[in-house]
Every structure is written in C-alpha cells, then in structure tokens.
1. Summing -39500 (n - 2.57) over the DSSP H runs of n ≥ 4 in the chain and dividing by its residue number, what mean residue ellipticity at 222 nm do you reach, to the nearest 500 deg cm²/dmol?
2. May I ask you to derive the FRET efficiency for Ser142 and Tyr173 from their Cβ-Cβ distance with R0 = 51 Å, giving the value to the nearest 0.05?
3. Residue by residue through the stretch 229-241, which ³J(HN,Hα) values in whole Hz follow from phi under the Karplus form 6.51 cos²θ - 1.76 cosθ + 1.60 (θ = phi - 60°), with glycine and proline marked x?
4. On average, how much accessible surface per residue is there in the stretch 183-277, in Å², for a 1.4 Å probe, leaving out ligands, DNA and RNA?
5. Pop out the ³J(HN,Hα) list for the stretch 244-259 in order, Karplus 6.51 cos²θ - 1.76 cosθ + 1.60 with θ = phi - 60°, rounded to Hz; leave Gly and Pro as x.
6. For each pair in Lys144/Lys251; Lys118/Lys181; Lys84/Lys243; Lys113/Lys251; Lys113/Lys179, compute the distance between the two Cα atoms and list the pairs where it is over 32 Å.
7. Contour minus end-to-end for Phe94 and Ile2, with contour as 0.36 nm per residue of separation and end-to-end as the Cα-Cα distance?
8. With θ set to phi - 60° and the Karplus curve 6.51 cos²θ - 1.76 cosθ + 1.60, what are the ³J(HN,Hα) couplings of the stretch 115-128 in order, to the nearest whole Hz, using x for Gly and Pro?
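The values are calculated or read from the model by the stated rules, or taken from the named source; none is laboratory data. For clarity, every value in this text was computed on a predicted model and none was experimentally measured. For neighbour counting, all protein chains shown are included, and Cβ atoms are generated from backbone atoms with ideal geometry for every residue, glycine included. Calculation scope for accessible area: heavy atoms of the full protein, side chains included, ligands and nucleic acids excluded. Shrake-Rupley method; radii C 1.70, N 1.55, O 1.52, S 1.80 Å.
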Amino acid sequence: MIKQFIYRYYIDPIVYDTGYNPVNTITWAVLLVVGIFLFSRIWEIWDKKWGADRDTILSLIPYIFVGASMRVIEDVDVFEAPLKYLFITPLNFFTLISITLLILVISAVVSTKLSMGKGGYKKISVPFGIIWCFLNVMVLLSAKEVVLLWFPFAVVGIAILIVFPIYLIARAYNIQFLKEKLNVCILGAHLMDAASSHIGIDYLNYSGKHVIERILLEHTGTALCIYPSELLVLIPALYLIDKYIEKESIKMVLLGVILVLGLAPAIRNTIRMTLLI
C-alpha cells in the first residue's frame, strides 16, 4: 500500500507529467518551507563572503529562464527516460538549483581571484546564464517552429497594463513596498503567469495543472479569475513580508522563491504556447 501510495501521488505525476495533486502539493510546500530556512542560512554566509542584496535575486532571472526553457525542451522529447524526469517539476527545481549554485560558487571564486570586489561574481554568472538561455532557445527553435509570434507580446503587454497602474498608485500614495524594483518584478512575473494561463486555457484549449487553479476554473468557468486571485494573494503577501519579516536573509529568500514561482511557469507557458507544444 505504501508503494502504491508513493507511485500514485509522487512518481506517476512525474513519469506521466500529469501535474499536481493535493498530496504532492502539500509535500512540495513543506519541502519549500524547509528550503527557505536552509537557503536563508546560505544567504547569510554568502553575504558575508561575497555580498548579497536584492540585485542578487534579480541577477538570477537568467537562470529562471534557463530552468523554464529546459522544461520546454523536455516537453518536446529531446531527452529520453530516465534523464527526462530530471526536467519535470519538481525535480527540475532541484536540478537547476544544484547547477546554479555550482555556477555561482565558481563565479564567486573566480571574481575573488580577479579582485572584482563584493558582488563581482554577478559580472560572471549573469552573462553565463544569458548564454545558456540563448543556447536553450536555439535547441527549441531547431526542434519546433514559432507558430504564435504574438503570444509573448500579449503576455508581457497584459502584465504591463496591470502592473503599471498599480505602480502609479503606489507612487501617488507613497506605498513603499509596491514601489520597490524587486516587488514590481514579482508582480509582473505572476501577472505574466496569469496572462499566459488565461489565454492558453480560454482560447487555445490548454488546461490548468495546479490544484487551486483547477478549483477556480470549476467555480468560475473562465481563467480570467486568475488575475484577481493572483493579486489578492500576492499584494498582501508582499506587504506582510516587507512589514513583519525582520531577518533580511529570510526576507530575500522568500522574495526569491515568490519570483521563481511566478516567472518560471510564466516563461514555460509562454514558450510552449508560442511554439504550440
């Protein structure tokens, strides 16, 4: 029975890419909480030795693109089993985190040898991530043709149309946490995710994989509900983190996690639907 339970709720969703269920969703959430405290400690050590701030999180955006594009490469069956399972959620997160940490450590060591100062590692890690992402895109374009060129412009455009008024209101009323660059990027990332899901589900016959997303769709009948649900959860979360999380390392890791949870699926969805995968 234990073996059947493990296969049903953990292994089969990865092997057959069937998405999330209540059991594995709760499990990954628990692991995420454990990971936040682990990485907050890593952040503290990193900050003392090489320097870490909000720009450090933004410097990891190329690697979020890498992870999402690798996931799409798996979608087009470039990899064979069992290697392909490393690029299916949530294993792809562990794979990418391990490789990214290795690259960051190498970049930090090299920057120290070259006396580039604190934060100098970003001058090495960011270009490396951009090149890696470019290579992934080339692999995808060699396997699939662009079908819906308008799709990424629509996704980004919708996100901007929603984020920009929020930013203007924040400036007008001096709402500090909604004016910060990282928080604005987080809002944009999650609204890109919402836009890609909305267009894909309502107009391109795609379906939602997340448990909460499926529940919302069942009760509303349209993916438009994703926009307000994202904002109703995200804005209070950003406020609470800004106001009540005093330890800087935990605050930064939390913001980084929230950025990844929005931007990674947004990029994956956008690439897949642009190529009609």
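1. -24500 deg cm²/dmol
2. After rounding to 0.05, the efficiency reads 0.55.
3. 5, 4, 5, 5, 8, 6, 4, x, 4, 5, 5, 5, 5
4. Details: 4280 Å² over 95 residues.
Dividing the accessible area of the stretch 183-277 by its residue count gives 45 Å².
5. For the stretch 244-259, the Karplus-derived couplings read 10, 8, 7, 6, 4, 5, 5, 4, 5, 5, 4, 5, x, 4, 5, 4 Hz, x marking Gly and Pro.
6. As for pairs spanning more than 32 Å Cα to Cα, those are Lys144/Lys251; Lys84/Lys243; Lys113/Lys179.
7. On the way: separation 92, 0.36 × 92 = 33.12 nm, distance 2.42 nm.
Here the answer is 30.7 nm.
8. 6, 8, x, 5, x, x, 4, 5, 5, 9, 5, 5, x, 4
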